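Scroll down for the structure; my scribbles are underneath it.
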Amino acid sequence: MAISVHLEAFDGPLDLLLHLIEKNKVDIYDIPIAMITDQYMEYLEEAKSRDLGIMSEFLVMAATLLDIKCRMLLPREVDEEGEEIDPRDEMVRQLLEYKMYKYMSMQLRDLQSDADLSLSKKSTIPPEIAHYTPPIDYDELVGDMNLQKLGEIFDELLKRQADKIDPVRSKFGTIEKEEIDLTKKLSHIFNYAKEHRRFSFRDLMEKQSSKAELVVTFLVVLEYIKTGRFVVTQDELFSDISIEYTGTGEEEEQEELLNEIS
């Protein structure tokens, strides 16, 4: 069972240390360890006639203070990040925790004291009063409101909703991905070229039904040109482009081109 340590008006060594810090009005994060240790030892000297079992916690703290006092005289140790280690850090942490719990205990004690002054009683309101609903005075509720003002409020609400709409993004349509079968498109152009041998680039593009087909067809034509299977000519600037197929028209040629594209 824990021993309740009480020295003078101090409940334990941390309480005594906290008293000395507050008495000397020093910063708890920068404790003058030499001065506090000397004053702490003076309190122990006055209480040396007490039971050693009660004084054991105070003596342990005294040894801790003397150890910190000695370490403060030595060069500071550094941590893994190269920052100096303050020997007082652990004691400061304990003092802050003790101060918080001490404040909480005082708050709980005050609440307990205030609770003794509180009285309660059962509700004695008659049922007819408890369930009474006062009548609504519609004239008072409406006040000076009329249809014109209601219309203005409604228009203002509509305007606020309209202001929230992005004038650019709201006009965007649904973007749908169109799947184009490259093998079928390549086969179609291959057969078209093999059949016509020489044809109009414009006629070929006009036969496509969508923008995606236009793009894929254009890329296939460029690939045919790059591999030398298509030869393009143009009689004059901005005139129609003529395409001549120079391949053999064999199916192996189509498979070879498909492998090159993929």
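The values are calculated or read from the model by the stated rules, or taken from the named source; none is laboratory data. Everything numeric here is computed off the predicted structure, so don't read it as measured data. Ideal geometry is used to build each Cβ from the backbone, glycine not excepted, and the neighbour counts take in all protein chains shown.
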(message) Against the conditions (1) at positive phi; (2) at pLDDT 75 or above, where does residue 193 fall short? Just the number, please.
(response) (1)
(request) Please enumerate the residues belonging to segment 153-190 that are at pLDDT 80 or above and among the aliphatic types (A, V, I, L, M). (result) 153, 157, 158, 186, 189
(request) Kindly indicate the residue of segment 211-249 that is surrounded by 11 or more Cβ atoms within 10 Å (Cβ to Cβ) and assigned to a loop (DSSP other than H, G, I, E, B) and also modelled with the lowest pLDDT among those meeting that condition. (result) 249
(request) Only one of these is without any contact (Cβ under 8 Å) to a residue 40 or more places away in the chain, among the aromatic types (Phe, Trp, Tyr), out of contact with any His (no Cβ under 8 Å at 6 or more places or on another chain) and under 13 Å from residue 13 (Cα atoms): 40, 103. Name it. (result) 40
(message) The conditions are (1) in a helix (DSSP H, G or I); (2) at pLDDT below 85; (3) closer than 18 Å to residue 28 by Cα, and residue 114 fails exactly one of them. Which is it?
(response) (3)
(message) residue 69 - would you say it is farther than 18 Å from residue 33 by Cβ, surrounded by 10 or more Cβ atoms within 10 Å (Cβ to Cβ), out of contact with any strand residue (DSSP E or B) (no Cβ under 9 Å at 6 or more places or on another chain) and in contact (Cβ under 8 Å) with a residue 24 or more places away in the chain?
(response) no
